[in-house]
Amino acid sequence: MNLKRSLVFAAFIALGAVPILTASCHKDHSNPTAPMTFYDTLGGTAMVNDPAHPGTMIEKGRLGLRTVVDSAIFIIAGDTAINGYFTVLLSEVGQGNLSGFQALSKNLTDFLCVATGAKDFAYTGKNMTDAHNPSANARINMKVAGDDFDEFVVDVAASAKKNGLTDAMISRVGALLNSLKTTVVQR
C-alpha cells in the first residue's frame, strides 16, 4: 500500500471510534430540531432528478450514496491489488453484461442507505459473512484477507473524495466499513 493510501487508511482507523449511527443521530421529522441521521447529512429524503434514469426522481441521500458506490466499483475494478476478487463481475462487464454490476450497485447502495439511517430502503442481500465467502457466493473468487479489506476501504474513500464528500463524511463512511471488518475478513 503506498504512503497516501496508508495515511487515508490510518485516518479511518483513528476515527473509527466516531459513532456512525446512534439513537441521538436519528432525525425526528415531527421535531425539526431533532439531530439528523448520517443519511440526512448526505441529502436525506429530498427528491431530485435521477441522472441515470431520466424522468424519475430519487432521494438525494440515495443518489449520493449510489454515486459513491458506482465510482468505487470502477476504482476497485482498476485496482490490481483487489480486483481479483471480482473476476466474474469484470468478465461480465467486459462482455457488455451490466446485470451483475447493477445488482452489486443496488445491494451496496441499499446496505449503505440503511446503515446511514435511511428509512425508505431495506437491505435484502446476503449477510456479510456469506456475501464474502465463495462457498456461499459464487460471485466472489476467494475469502477476503485483512490487507485486501483495508485496500477496499481506501478505494471507497477515494471514490467518496472524488464525489465531493467532506473529510468528516469520508471518515464516517470509513468507520462504517471498518465496523464490518471482522465479518468480512475470513482469512
**In Å, descending, principal axis extents of the Cα set of the stretch 112-174** = 38, 31, 15
**Message:** Rounded to whole Å, give me the distance from the Cα center of the stretch 52-86 to that of the stretch 155-187.
**Reply:** 13
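Per the Cauchy relation, a quarter of the hull surface: what is the mean projected area of the convex hull of the alpha carbons in the stretch 61-187, in nm²? Intermediate values should be presented prior to the final figure.
Values: hull surface 29.3 nm².
Mean orientational projected area (the stretch 61-187, Cα hull): 7.3 nm².
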**Item:** Estimated vicinal HN-Hα couplings, Hz - the stretch 59-74 in sequence order (Karplus 6.51, -1.76, 1.60; Gly, Pro = x)
**Value:** 5, 4, x, 5, 4, x, 5, 4, 4, 5, 4, 4, 5, 4, 4, 5
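If packing is taken as the average number of other Cβ atoms within 10 Å across a peptide's residues, how do 127-136, 176-185, 51-60 rank, most packed first?
Values: 127-136: 14.4, 176-185: 16.8, 51-60: 12.3.
Descending mean neighbour count gives 176-185, 127-136, 51-60.
Where a number appears in this text, it was derived from the coordinates with a stated rule and is not lab data. Note that the structure is a prediction, hence the values are computed from the model and not measured. Virtual Cβ from ideal backbone geometry, glycine too; neighbours counted across all protein chains shown.
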